[in-house]
1. Given charges of +1 on the Cβ of Lys and Arg and -1 on the Cβ of Asp and Glu, with all other atoms neutral, how large is the dipole of the stretch 3-88 about its Cα centre, in debye to the nearest 20?
2. Taking the square root of 5 times each eigenvalue of the Cα gyration tensor, what semi-axes in Å does the equivalent ellipsoid of the stretch 3-88 have, largest first?
3. Expected output is a single nm value to one decimal: the length gained when fully extending between GLU69 and ARG52, i.e. 0.36 nm times separation in residues minus the C-alpha distance. What is it?
4. Compare the Cα positions of GLN49, THR92, ALA32 along the charge dipole of the chain (+1 at Cβ of Lys, Arg; -1 at Cβ of Asp, Glu; about the Cα centre) and return the one farthest towards the positive end.
5. Against the longest principal axis of the chain, how steep is helix 64-80, in degrees 0 to 90 to the nearest 10, with axes from Cα atoms?
Amino acid sequence: MTHCCALTMELRVLGSGSLKTKRTVIKHLVEASKARYGVAAAEVGYQSQWQRSELGFAAVAGSQGHVEEVLDSVERFVWSHPEVEVLDVSRTWLESDQ
């Protein structure tokens with residue numbers, strides 16, 4: 001059975017005075033999450049605001065426990081980043097009949 005979950009995190013980028021500064025921080029979070037945890041990741045909201053961002057991550061695995069472990073690691077990584085404040089977090093599981 002395949003287990004899929006999407007994690008979204010709404011962030012405030014602290015100390016950002018421009019879109020360029022924000023994009024530097026966001027790019028690091030997205031690229032590092034992809035490389036370290038093997039998730040799909042992208043900025044999915046607030047692209048034109050220089051102090052806000054919404055990031056989306058997705059993980060797929062054969063067990064629900066493994067998906068949860070991976071997304072827990074991603075979430076801890078983002079929470080630990082000193083240049084962002086996490087405003088909201090949500091997870092959405094995708095159902096599979098197979």
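1. 440 debye
2. Value: 24, 11, 11 Å, ordered largest first.
3. 3.5 nm
4. Positive-end residue among those listed: GLN49.
5. Relative to the chain, helix 64-80 is tipped by roughly 10 degrees.
None of the figures in this text is laboratory data; all of them are computed from the coordinates on show. Since we're looking at a predicted model, the values are computed, not measured. Ideal geometry is used to build each Cβ from the backbone, glycine not excepted, and the neighbour counts take in all protein chains shown.
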